[in-house]
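Have a look at the structure below, then the notes.
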Amino acid sequence: MFKKVLIANRGEIALRILRACKELGIATVAVHSTADESAMHVRLADESVCIGPPSSTESYLNIHEIVAACEITGAEAIHPGYGFLSENAKFAEILEAHGITFIGPSAEHIRTMGDKIAAKETVKRLGIPVVPGSDGEVIEFSDAKKICDEIGYPVIIKAASGGGGRGMKVAQNEQELQNALHTARSEAGVNFGDSAVYIEKYLGKPRHIEVQILGDGKGHAVHLGERDCSLQRRHQKVWEEATSPAITPEQREEIGNICAKAIGDMGYSGAGTIEFLYEDGEFYFIEMNTRLQVEHTITEAITGIDLVNEQLHIAYGDGISFKQDDVSFNGHAIECRINAEHPETFVPSPGRIEHYHPPGGLGIRVDSGVYQGYSIPPYYDSMIGKLIVHARTREECMARLKRALDEFVVDGIQTTIPLFQDLVCNEDIAKGDYNIHWLEKYLD
Ligand code: MV4
């Protein structure tokens, strides 16, 4: 196993990775900006290196500083966490050129999945069901018209270099199509430096369901079931659950096996997520994420598998520590993302945490980098922690979540805890009866 790993991230995910390294006897190197000198990931790491000023571009995204920190400390590998450099193909290439292991897939796989047209083409060829639409880029209105007449309206136009909800336009009919195509192409050019767009049938009330996979880079892969991440606000996930309240064990096995087969055939290495829209019993691929995700914890809860431990084993070349047949799905898990934001306006609320008391007891996990007396800096993402609740059934999980939220004390700043206290008491949520638009409508 690696002797020393550098963690190119901050906050709760840096701690999460540190913990996995510690359990494997791997020495850890934290990197941090000047704003993060008193951050928990710096305190818990064996060594730390300051890599720049508060601004992310000059610190956590500063490839040269991070590579230098790696060379100074003698770390053999870098775990990028999520966000920052985690899906930067250039970064993966630079590390390879320096003889440093990138804990993640190949630069080629990152690049392919970053191009949404190439990603869709690739997974379709490997047998994953995709949303009906154009085969690749659409430039001419006449071509767009032909495709839309075939698939029917409404349609959605997406930027090849977009993703995560950026650069999408819906057209209800042929009249709207011309304008939407023109606007989508020019906006994509301005925003992403790539005007390529593609067209899909617009699904009106789908759920967002994603499948967790692990590939060993040698043609073998497994799936760890799905997560339902339909509760989102402005393309930010708010509440995630595993398993999805909407799908059966048979559907799980079917889509899971399709994903694992495709990922194995691709020769994919590491953890990844295949995102689907799910409507009327059918799965439609939308994107693939080539990193560990924020919500990986709920998959860990119901499978008992440590995903970061597996990532480390795979990156070292030791493969996956278990077989598909060893995987079982036990009970139900829900994750709430606790943000330092006003619970109704979502205005960020950085500042000093005067009192902090996280919940505990059976089935409770809190992943957070904060502590009492810690000051949340204003420069980064407002997510300060995740509450993960596991129980034998969904019903028990909801009761346990309600109890845990009532125990949670974070004083001195605003947090989204009160929003979750409302959601956990909501009837639609109790029934699992929601889609990707539910939360935005609820908040209106
Ligand atoms: C769609 C869609 C409806 N039909 N594609 C938004 C984020 C990006 N990953 C894909 N997105 C969507 N793609 C088709 N063909 C609706 C959305 C969408 C959405 C998807 C997942 C979670 C929340 C969403 C909120 C608005 C729109």
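Report the full-extension gain for the segment Arg125 to Asp194: residue separation times 0.36 nm, less the Cα-Cα distance, to one decimal in nm. Working shown, then result.
On the way: separation 69, 0.36 × 69 = 24.84 nm, distance 2.39 nm.
That works out to 22.4 nm of additional length.
How do 282-292, 128-138 rank on mean C-beta neighbours within 10 Å, highest first?
Numbers: 282-292: 22.1, 128-138: 17.9.
Listed from highest to lowest mean packing, they are 282-292, 128-138.
Compute, for Trp239, the solvent-accessible surface of its heavy atoms (probe 1.4 Å) with the complete set of protein chains present, and express it in square angstrom to the nearest 10.
Roughly 0 Å² of Trp239 is accessible to a 1.4 Å probe.
Would you give the gap between the C-alpha center of the range 394-411 and the C-alpha center of the range 25-51, rounded to a whole Å?
Computed from Cα coordinates, the inter-centre distance equals 31 Å.
Could you give the length gained on full extension between Asp135 and Arg166, defined as 0.36 nm per residue of separation minus the Cα-Cα distance, in nm?
Numbers: separation 31, 0.36 × 31 = 11.16 nm, distance 2.04 nm.
Stretched fully, the Asp135-Arg166 segment lengthens by 9.1 nm.
If you take the beta carbon distance between Thr345 and Ser38 as r and set R0 to 25 Å, what does 1/(1 + (r/R0)^6) give as a FRET efficiency, to the nearest 0.05? Don't skip to the answer; put the middle values down first.
On the way: r = 28 Å, r/R0 = 1.12.
So, using R0 = 25 Å, E works out to roughly 0.35.
Would you please give the FRET efficiency between Gln175 and Ala68, computed as 1/(1 + (r/R0)^6) with r the Cβ-Cβ distance and R0 = 41 Å, to the nearest 0.05?
Working: r = 56 Å, r/R0 = 1.36.
So the FRET efficiency works out to roughly 0.15.
Kindly state, to the nearest 0.05, the FRET efficiency for Glu250 paired with Ser375, given R0 = 56 Å and r defined as their beta-carbon distance. Walk me through the numbers on the way to the answer.
Values: r = 50 Å, r/R0 = 0.89.
With R0 = 56 Å, the Cβ-Cβ based efficiency is 0.65.
Can you compute the modelled spin-label distance between Ala118 and Ala430, with each label point 7 Å from Cα toward Cβ, in nm?
It works out to 4.9 nm between the two label points.
Which length gain, in nm to one decimal place, applies between Lys218 and Asn330 when the Cα-Cα distance is subtracted from 0.36 nm times their residue separation?
Details: separation 112, 0.36 × 112 = 40.32 nm, distance 2.88 nm.
Computed gain between Lys218 and Asn330 is 37.4 nm.
For the residue pair Leu24 and Leu362, what label-to-label distance in nm results when each label sits 7 Å from Cα along the Cα-to-beta-carbon direction?
3.2
With +1 on each Lys and Arg Cβ and -1 on each Asp and Glu Cβ, and nothing else charged, work out how big the dipole of the chain is about its Cα centre, in Debye to the nearest 20. Before the final figure, lay out each step's value.
Numbers: 42 positive and 66 negative charges, 76 e Å.
In total the dipole reaches around 360 debye.
Please identify the trypsin sites (Lys or Arg not before Pro) of the range 385-418 that satisfy two criteria: DSSP loop assignment and at most 14 other Cβ atoms within 10 Å. Which are they? Before the final figure, lay out the partial values.
Values: sites: Lys386, Arg392, Arg394, Arg400, Lys402, Arg403; in loops: Arg392.
Counting only loop positions with at most 14 other Cβ atoms within 10 Å, the trypsin sites (Lys or Arg not before Pro) in the range 385-418 are Arg392.
Could you list, bin by bin from short to long, the percent of Cα-Cα pairs of the chain in 20 Å steps?
25, 59, 16, 0
Between His235 and Cys50, with labels modelled 7 Å along Cα→Cβ, what's the label distance in nm to one decimal, could you check?
3.5
Say the cut-off is 24 Å between C-alpha atoms; which of Lys261/Lys431; Lys146/Lys201; Lys205/Lys237 go over it? Before the final figure, lay out the partial values.
Numbers: Lys261/Lys431 33 Å; Lys146/Lys201 13 Å; Lys205/Lys237 17 Å.
Checking Cα-Cα distances, Lys261/Lys431 exceed 24 Å.
The values are calculated or read from the model by the stated rules, or taken from the named source; none is laboratory data. This one's a predicted model, so the numbers in the text were calculated from it and none came from an experiment. When we count neighbours, we look across all protein chains shown, and the Cβ atoms used for this are built from the backbone with ideal geometry, even at glycine. Heads up: the accessible areas ignore ligands, DNA and RNA and are worked out on the full protein's heavy atoms, side chains in. Shrake-Rupley method; radii C 1.70, N 1.55, O 1.52, S 1.80 Å.
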